[in-house]
1. Hey, which of the strands (runs of 3 or more DSSP E) in the stretch 307-412, taking only ones fully inside, have at least 2 residues that are away from the ligand (no atom under 16 Å from the Cβ) and buried (at least 17 other Cβ atoms within 10 Å of the Cβ)?
2. Answer with yes or no whether residue 271 is among the hydroxyl-bearing types (Ser, Thr, Tyr), closer than 29 Å to residue 42 by Cα and without any contact (Cβ under 8 Å) to a residue 60 or more places away in the chain.
3. Any residue that is among the β-branched types (Val, Ile, Thr) and either in contact with a Lys or Arg (Cβ under 7 Å, 6 or more places away or on another chain) or more than 15 Å from the ligand (Cβ to nearest atom) (or both) - is there at least one of those in the stretch 205-213?
4. Hey, any hits in the stretch 18-30 for a residue that's touching a residue at least 40 places away in the same chain (Cβ under 8 Å) and in contact with a strand residue (DSSP E or B) (Cβ under 6 Å, 6 or more places away or on another chain)?
5. Based on what the data block shows, is residue 59 part of a helix (DSSP H, G or I), over 30 Å from residue 149 (Cα atoms) and out of contact with any His (no Cβ under 7 Å at 6 or more places or on another chain)?
6. Would you mention how many residues in the stretch 225-254 are among the polar types (S, T, N, Q), more than 9 Å from the ligand (Cβ to nearest atom) and crowded, with 24+ Cβ neighbours inside 10 Å?
7. What is the one condition in (1) among the aliphatic types (A, V, I, L, M); (2) touching a His at 6+ places or on another chain (Cβ under 7 Å); (3) near the ligand (Cβ under 9 Å from one of its atoms) that residue 257 does not satisfy?
Amino acid sequence: MQYWDPRIETMPQEKLHEMQYRLLKNLVYRLYSFSPFYQQRMKEHGVHPDDICSLSDMKKLPFMRKQDLRDNYPDGLIFYDHEELVRYHVSSGTTGKPTVVAYTARDIDNWTISLARALSSTGLSRGDVIQVSYGYGLFTGGLGLHYGAERIGAIVVPTSVGNTERQIELMQDLRVTAIACTPSYLLHIGEVAERMGISIKDDTLLRKAIVGAEPWSEKMRERIESWLGIKAYDIYGTSELSGPLFSECEAQAGFHVWSDFMFTEILDPDTDEPVLPGVKGELVVTMLQKEGLPIIRYRTGDITAMEAGICSCGRTHPRLQRLSGRVDDMLIIRGINVFPSQIEHTLLGIKEVGEHFMIEIDRVNSLDDMLVRVEITPLAFSDKIPDLIHIRKNIENQLKNQLNVSVRVELAEPGSLPRFEGKAKRVIDKRSM
Ligand code: DLL
């Protein structure tokens, strides 16, 4: 088994908990003493650092939300002097005011170590050639994975997003063995390669993909792996916590959350009470060692569950299941809760359906109306009209059974729906426009 840091990655859990408690205690005292924001928050919440006597006292601390970063834009939450900072990343601000995250040199180093452990847990190492096709710049994906990949001694090809044909040429010429990008971009790369007469499976050395930054289902993984002849590992993070932070290992059995850097809670979003392993709730993260922008009990809005037991790889750190959506992703259609991830899961289980779809929601005669536009495979597209009607009805039935709500389905020609180089935007909710 390949570990980046065997001492930490396989440390007995009691020792990890002791370390987390020490780090938490130190963090809370530091913030109470030196951060006006956190001191006020803790006072308002009626909690003093002396009240934190065990890890379970974490629940006494106040939450932080994205809105706190927005309210304090640009630098109200930055904890260290300017002289100590080495970098800013800034979110795109498409859903509100942007958020700014500041990093000290130690923050960059800890982030890099998290990713070095993650990448080596997927089996990558010195000698691998890793094409980083996440955006470089204010987005955290490109630079984050770049530093992590260099740290494990791999060769990095920093292509960023776009110019896809050239990306594919470089993949062949530089004998790339792994790619890091969004699942949407990986699908696009696969299609463009086919149009160029190149099979990723047979004509390149690509064997692994480090894929995340947006939701993608298990069915999508099956399709990507068999089509491109690679293993696809999920990776998760958010810019407020640093960027991409943890991934699955070769066992593909949940994300390994590095306990020396993070304390994770899964809470019932309605009651804010912790849920049991295996039960889904909102992921709440405390960054135990962050300096530039400390984060306590950050409500990510992402839904997941803790995995019970220790992974077959021997790493002792807690594991999280792949994400099943966001608290604010949920669509309410005629009173029924629907997650886009359920739609993807159902569609990709139908053999005539391709990998691309769009969801459009509108209000017609004061009733919610959901239209799912579905690209079908070139093979299905060559079918006769009665067969196409049958395919459409089958998709409508399967979606109705899964979602408990009627959905209109429109079949789309292969290649006709939008493709995305970064994160996909598959839902258009006209009710909120
Ligand atoms: O997407 C950081 C990142 C870069 C993660 C590269 C992985 C790889 P943000 O732009 O702040 O940061 O978006 C964070 O994206 O709260 C989730 O809702 C979603 N997300 C990220 N990874 C996954 C994943 C980066 N593996 C938001 N599965 C998060 C599902 C994900 N959703």
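The values are calculated or read from the model by the stated rules, or taken from the named source; none is laboratory data. As the structure is a computational prediction, the values presented were derived from the model and not from experiment. Heads up, the Cβs are rebuilt from the backbone with ideal geometry, glycines too, and the neighbour counts pull from every protein chain shown.
1. Values: elements: 331-333, 336-338, 353-364, 367-376, 408-412.
Where strands (runs of 3 or more DSSP E) fall fully within the stretch 307-412 and carry at least 2 residues being away from the ligand (no atom under 16 Å from the Cβ) and buried (at least 17 other Cβ atoms within 10 Å of the Cβ), they are 353-364, 367-376, 408-412.
2. Judged against the criteria, residue 271 is a match.
3. no
4. yes
5. Here the answer is yes, as residue 59 does meet what is asked.
6. 0
7. Among (1) among the aliphatic types (A, V, I, L, M); (2) touching a His at 6+ places or on another chain (Cβ under 7 Å); (3) near the ligand (Cβ under 9 Å from one of its atoms), the lone unmet condition for residue 257 is (3).
Each row is one residue, and each column tells you yes or no for (1) hydroxyl-bearing (Ser, Thr, Tyr); (2) touching a Pro at 6+ places or on another chain (Cβ under 9 Å).
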residue: 153; (1), (2): no, no
residue: 166; (1), (2): no, no
residue: 170; (1), (2): no, no
residue: 173; (1), (2): no, no
residue: 180; (1), (2): no, yes
residue: 204; (1), (2): yes, no
residue: 214; (1), (2): no, yes
residue: 221; (1), (2): no, yes
